[in-house]
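Student: For reference, the structure I am asking about is given below.
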Amino acid sequence: MRINPDQINEINRSSAEVLQQSYSQLADQLDRKNIDIDKLLHKLGDFQVAIPSWALGQGGTRFGRFKLGGEPSNLMEKLEDIGLLHQLTQSADMVSLHFPWDSVLDYQEVKAKASELHLKFDAVNSNTFQDQIGQSHSYKFGSLSHRDKSVRAQAIAHNIEVIETGDKLGSKSLTIWLADGSNFPAQHNFQQALERTTESLEHIYQKLPEDWKLFIEYKPYEPNFYSMVIQDWGTSFMLANHLGDKAYTLVDLGHHLPNTNIEQIVATLMNQNKLGGFHFNDSKYGDDDLSVGSIKPYALFLIFIELIYGIENNKANPYPAWMIDASHNTKDPLEDLIQSIEAIKIAYAKALLVDQKALAQAQEENDVVLAQELIQDAFLTDVRPLLQKSRVEKGGALNPLGIYRQLGVRQHLIDTRGSGSTATGL
């Protein structure tokens, strides 16, 4: 589905006066603080976050899944949904595919569809945490770390195939999330499992094109609950350093134990020029995969302060690959993604308001109170008029969620695709 731009413009015009009033008030407020609002608008307009193909269907838990209707049942429909999302938000021009969920039969057709929708392909993702139909060997007891060399060879071959597929689509990076681990003490030898994983990653790394990156994701638990082979950022960082300059750590907000200081992890990785990617979601207890900013908006803001500092001061660290990685168990996935994009850009905009020079001076003088005041002043600023202005200037919706509902997009998708359509990969 594509929305007629005239419809967006007409609905935008109905709220133009309110936007102008709120934007002018914020502009005056920022001008008094000597903040360049045009520069802010430019940075917000440039910020894009990748949408994973698997986030477009109704999510579920191990207890069940409730159908939504109108879900994309093939890759072309997934691209259409992301194109619609980008049309409304002007902040989602990248697609992250997952294989074999998103198997491509006609590369030219897929690339042409993406181009038509003004989309590009971000990191591609491999899957060795599920057994596929017709698969020769099972991953029940591991993949890249498996004791059986034939199982490892199968998992390595799959990752190499994903690289080759991504290369044909114009992707430039591979993300590996390894589900390998154990559920019980003494189930496997920790050192040997890590050694086998390292050797497997070496084979995959050797097949990376020169202009590609490898992102190594970590997770402390799940699907295995006693141990995970790549359980924390330190293990990922160690592996990335071992592999070489094209390997980086990927940080997923939900892949941490409760109350972990994620902003410090971000700062450390960027200081070492090894932060490659960043997956956005939110959590209350663990890897809940909730809407970004729905639980811990202040923590997200603090993380963005470190990200912005790192981008400015760690030039050898590549610009991070941003992606939303959430599961929509009870929400319309497109509505949830709209909310998540808004939360990400709000945190980003607020972090951009922090007076870095004044903050550095307060830190130098050990003025703890002033340092706190500087960041909380930015956090308490309502930056939504900035985001709205930025979207409208690029042809997007002043209120993406409002237009989505006003135009009955989900019902249109149900009418077109059916009430029983199910997204692949969930």
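Student: Just checking, how many residues over region 86-117 are touching a strand residue (DSSP E or B) at 6+ places or on another chain (Cβ under 6 Å), surrounded by 23 or more Cβ atoms within 10 Å (Cβ to Cβ) and farther than 13 Å from Trp54 by Cβ?
Tutor: Here the count works out to 1.
Student: Right, next: Taking interchain pairs and intrachain pairs at least six residues apart, which have beta carbon atoms under 6 angstrom, with the first residue in region 134-154 and β-branched (Val, Ile, Thr) and the second surrounded by fewer than 18 Cβ atoms within 10 Å (Cβ to Cβ) and at pLDDT 95 or above?
Tutor: Close Cβ pairs satisfying both conditions: Val151/His137.
Student: May I pose another question? Condition test on Gly244, is it out of contact with any Ser or Thr (no Cβ under 6 Å at 6 or more places or on another chain), among the small types (Gly, Ala, Ser) and under 25 Å from His188 (Cβ atoms)?
Tutor: no
Student: Any residue at all in region 129-145 that is more than 20 Å from Leu178 (Cβ to Cβ), touching a strand residue (DSSP E or B) at 6+ places or on another chain (Cβ under 8 Å) and either crowded, with 20+ Cβ neighbours inside 10 Å or not aromatic (Phe, Trp, Tyr) (or both)?
Tutor: No, there is no match, as no residue in region 129-145 is more than 20 Å from Leu178 (Cβ to Cβ), touching a strand residue (DSSP E or B) at 6+ places or on another chain (Cβ under 8 Å) and either crowded, with 20+ Cβ neighbours inside 10 Å or not aromatic (Phe, Trp, Tyr) (or both).
Student: Please specify each residue of region 84-114 satisfying the condition of being among the basic types (Lys, Arg) and free of Cβ contacts under 8 Å to residues at least 40 places away in the same chain.
Tutor: Lys113 - this is the single residue of region 84-114 that is among the basic types (Lys, Arg) and free of Cβ contacts under 8 Å to residues at least 40 places away in the same chain.
Student: If you take the residues in region 101-122 that are among the small types (Gly, Ala, Ser) and in a helix (DSSP H, G or I), which one is farthest from the chain's Cα centre (by Cα)?
Tutor: Per the stated criteria, the residue is Ala112.
Student: If we keep just the residues of region 49-63 that are out of contact with any Leu (no Cβ under 9 Å at 6 or more places or on another chain) and touching a residue at least 12 places away in the same chain (Cβ under 8 Å), which is farthest from Leu337 (Cα to Cα)?
Tutor: The selected residue is Thr61.
Student: Only one of these is of a type in the set (S, T, N, Q), buried (at least 20 other Cβ atoms within 10 Å of the Cβ) and over 30 Å from Arg65 (Cα atoms): Ser340, Ser327, Ser390. Name it.
Tutor: Answer to the selection: Ser390.
Student: Now for a separate question. Checking Ser73 against (1) at pLDDT 95 or above; (2) in a loop (DSSP other than H, G, I, E, B): exactly one of these is not met. Which one?
Tutor: (1)
Student: Now for a separate question. Tell me whether region 279-302 contains one or more residues that are of a type outside the set (S, T, N, Q), at pLDDT 95 or above, crowded, with 21+ Cβ neighbours inside 10 Å and in a helix (DSSP H, G or I).
Tutor: Looking for residues that are of a type outside the set (S, T, N, Q), at pLDDT 95 or above, crowded, with 21+ Cβ neighbours inside 10 Å and in a helix (DSSP H, G or I), one finds at least one in region 279-302, hence yes.
Student: Being farther than 17 Å from Asn9 by Cα and of a type in the set (Val, Ile, Thr) is the filter here, so list the residues in region 81-103 that pass it.
Tutor: Selection gives Ile82, Val95.
Student: Being in a loop (DSSP other than H, G, I, E, B), under 20 Å from His242 (Cβ atoms) and either in contact (Cβ under 8 Å) with a residue 40 or more places away in the chain or touching a helix residue (DSSP H, G or I) at 6+ places or on another chain (Cβ under 8 Å) (or both) is the filter here, so list the residues in region 169-208 that pass it.
Tutor: Of everything in region 169-208, those that are in a loop (DSSP other than H, G, I, E, B), under 20 Å from His242 (Cβ atoms) and either in contact (Cβ under 8 Å) with a residue 40 or more places away in the chain or touching a helix residue (DSSP H, G or I) at 6+ places or on another chain (Cβ under 8 Å) (or both) turn out to be Leu178, Asp180, Lys207, Leu208.
Student: Still on this model: Give me a count of the residues in region 10-44 that are of a type outside the set (Asp, Glu), on the phi < 0 side of the Ramachandran plot, without any contact (Cβ under 8 Å) to a residue 12 or more places away in the chain and not in a helix (DSSP H, G or I).
Tutor: The number of residues fulfilling the criteria is 0.
Student: Oh, and also: Which numbered condition trips up Ala321, out of (1) in contact (Cβ under 8 Å) with a residue 24 or more places away in the chain; (2) buried (at least 18 other Cβ atoms within 10 Å of the Cβ); (3) in contact with a helix residue (DSSP H, G or I) (Cβ under 9 Å, 6 or more places away or on another chain); (4) hydrophobic (A, V, I, L, M, F, W, C)?
Tutor: Of (1) in contact (Cβ under 8 Å) with a residue 24 or more places away in the chain; (2) buried (at least 18 other Cβ atoms within 10 Å of the Cβ); (3) in contact with a helix residue (DSSP H, G or I) (Cβ under 9 Å, 6 or more places away or on another chain); (4) hydrophobic (A, V, I, L, M, F, W, C), only one is false for Ala321: (3).
Student: Given the criteria in contact with a helix residue (DSSP H, G or I) (Cβ under 8 Å, 6 or more places away or on another chain), charged (D, E, K, R) and surrounded by fewer than 24 Cβ atoms within 10 Å (Cβ to Cβ), does Glu217 qualify?
Tutor: In short, yes.
Student: Filter region 148-181 down to the residues that are farther than 20 Å from Ser236 by Cα, surrounded by 16 or more Cβ atoms within 10 Å (Cβ to Cβ) and either touching a Gly at 6+ places or on another chain (Cβ under 9 Å) or among the hydrophobic types (A, V, I, L, M, F, W, C) (or both) and list them by number.
Tutor: If the condition is that a residue be farther than 20 Å from Ser236 by Cα, surrounded by 16 or more Cβ atoms within 10 Å (Cβ to Cβ) and either touching a Gly at 6+ places or on another chain (Cβ under 9 Å) or among the hydrophobic types (A, V, I, L, M, F, W, C) (or both), then Val151, Val162, Leu169 are the ones that fit.
Student: Only one residue in Leu201, Leu194, Leu174, Leu144 is among the hydrophobic types (A, V, I, L, M, F, W, C) and under 22 Å from the mean Cα position of the chain (by Cα), so which one is that?
Tutor: Just a single option satisfies the conditions, and that option is Leu174.
The values are calculated or read from the model by the stated rules, or taken from the named source; none is laboratory data. Because the structure is a prediction, the values reported are computed rather than measured. FYI the Cβ positions are ideal-geometry reconstructions off the backbone, even for glycines, and counts take in every protein chain you see.
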